[in-house]
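The values are calculated or read from the model by the stated rules, or taken from the named source; none is laboratory data. Note that the structure is predicted; figures quoted are calculated from it, not measured. Note that each Cβ is placed from the backbone with ideal geometry, even for glycine, and that neighbours are counted across all protein chains shown.
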Amino acid sequence: MMKFCPIPSLMLVAMSALVSASAHAADAPAVVQLAGRAVPDIQQLPPGPYRDLVEYGHQLTVRTFEHIGPEVQDLRKRFAGNNLACASCHQEAATKPFAMPWTGVSATFPQYRGREDDISTVEERVNGCMERSMNGKALPLDSREMKAYVTYISFLSRGIPVGATVEGSGIVQSKMPNRRADVQAGAKVYEAKCSMCHGADGQGMRVGKLGDAQGYIFPPLWGDDTFNNGAGMNRLIMATRFVKHNMPQGSTFDAPQLSDDEAYDVAAYMLSQPRPQKANLEVDFPARYNKPVDSAFPPYVLGASADQHRYGPYPPLVEKQRAMAAELKALGAAERAKAQEAGAK
Ligand code: HEC
Ligand code: HEC
């Protein structure tokens, strides 16, 4: 039928393009700039259960070790497996631009996540960091702690519409040097620019004594009391970008203190040290073409060595991954076409 009336069908296409263009303009996603944006103030909230929960969420973020750490008195509350705080990485109570801030996270979740190859909720994302960055256990969905995290994240996200693009979210997507990271050079950077706070042995500096649940003045970077090998921070590209724009403490995305090479090498030195190991990492990234090239645990599907996934060079891996994704896509399209053909007969 269509064959005999090409004009109307073309018109239909043009019309629907117009309609979708205007619909697009009407709800064009907002762009929110975090740098310079006022941080929501808990003190402005009227007293009551909502404010109490936001406050508890804030406490759980900056003093995680005191409420759900491995040294708290109440054994049932020992959810985190290390004495870090969420704010050890999510700096400034998770509001610092490009230090993985939570501002706007309520507007960008639920979202697709490659690690699960599925749509993930804010709660699942919180538990992702509980089980990896905090080397601990998932919080029950109906626990007061989970509700407090979600409420605090939602409070920080006030005024940011669902679907908005948040400038300052995540970390700066800086380029990696196209070479294997130099762990020896990284050790020198560490000694000169990190050890005064994090310690020559990477164990940081505790506030008080072992077992007091008071956490750290300077958190450890490796050893038993830190993030495990399944954490985002254990990926070299992620760690390089975090360190480049956030360390030494006081650095910001617009005032970094390290060169790209220094950040890359010192992050590699940090990740070359021992840390807790997470069980069953092989089930991560079920759609293998999605697996970040700097995930340094098997299976390795690009035909590259474990060493290259750990220390780079990454640009060739990114290229291989792109080719693999394109191949899979073409295969999928061919299969769909075949199925359609079979269906038409
Ligand atoms: C060792 C560092 C570290 C610690 C500690 C940590 N996180 Fe994270 N977190 C990260 C990194 C890195 C990312 C980004 C990872 C990614 O994109 O895969 C992240 C991402 C997140 C996100 C999603 C942010 C976004 O923009 O989508 C949430 C929510 C989150 N973490 C919650 C928590 C909570 C809650 C805690 C404490 C219980 C915590 N994190 C502790 C490193 C950490
Ligand atoms: C002046 C002290 C200081 C220096 C120097 C410093 N840091 Fe930090 N670092 C901190 C503090 C404090 C935190 C916790 C976050 C916060 O409070 O801002 C932190 C957090 C971190 C974290 C995330 C939390 C964790 O324990 O894994 C990493 C990774 C890190 N620093 C790496 C480095 C590296 C690499 C260097 C050297 C290039 C460095 N830091 C230099 C003080 C310092």
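Below are the figures for this structure:
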quantity	calculated
Qualifying positions in region 132-158 - within 16 Å of ligand 2 (Cβ to nearest atom) and either within 16 Å of the chain's Cα centre (by Cα) or aromatic (Phe, Trp, Tyr) (or both)	Arg132, Ser133, Met134, Asn135
Selection status of Ala94, in contact with a Pro (Cβ under 6 Å, 6 or more places away or on another chain), within 16 Å of ligand 2 (Cβ to nearest atom) and touching a residue at least 40 places away in the same chain (Cβ under 8 Å)	yes
Neighbours by Cβ (under 8 Å, 6+ apart or cross-chain): first from region 310-321, closer than 23 Å to Asn229 by Cβ; second at pLDDT 95 or above and aromatic (Phe, Trp, Tyr)	Gly312/Tyr264
Enumerated helices (runs of 4 or more DSSP H) restricted to region 143-201, each holding at least 2 residues that are surrounded by fewer than 21 Cβ atoms within 10 Å (Cβ to Cβ), at pLDDT 95 or above and in contact with a Pro (Cβ under 9 Å, 6 or more places away or on another chain)	195-198
Subset tally (residues that are touching a residue at least 60 places away in the same chain (Cβ under 8 Å), of a type in the set (Ser, Thr, Tyr) and near ligand 2 (Cβ under 9 Å from one of its atoms)) for region 215-254	2
Hey, Leu302 loosely packed, with under 15 Cβ neighbours inside 10 Å, away from ligand 1 (no atom under 14 Å from the Cβ) and either modelled with pLDDT under 95 or part of a loop (DSSP other than H, G, I, E, B) (or both) or not	no
Selection within region 168-183 - within 13 Å of Ala239 (Cα to Cα) and either of a type in the set (S, T, N, Q) or more than 13 Å from the chain's Cα centre (by Cα) (or both)	Gln173, Ser174, Lys175, Met176, Ala181
Top-ranked residue of region 255-281 - restricted to ones that are among the aliphatic types (A, V, I, L, M) and surrounded by fewer than 16 Cβ atoms within 10 Å (Cβ to Cβ), ranked as nearest to ligand 2 (Cβ to nearest atom)	Ala255
Check on Thr240, in the same structural domain as Val293 (by TED's automatic domain parsing), surrounded by 22 or more Cβ atoms within 10 Å (Cβ to Cβ) and in a loop (DSSP other than H, G, I, E, B)	no
Arg78, sole failed condition from (1) within 16 Å of ligand 2 (Cβ to nearest atom); (2) of a type in the set (Lys, Arg); (3) in contact with a Pro (Cβ under 6 Å, 6 or more places away or on another chain)	(1)
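Here is a yes/no grid of residues against (1) modelled with pLDDT of 95 or more; (2) more than 9 Å from ligand 1 (Cβ to nearest atom):
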| site | (1), (2) |
| --- | --- |
| Tyr56 | yes, yes |
| Asp74 | yes, yes |
| Phe79 | yes, no |
| Ala87 | yes, no |
| Asp118 | no, yes |
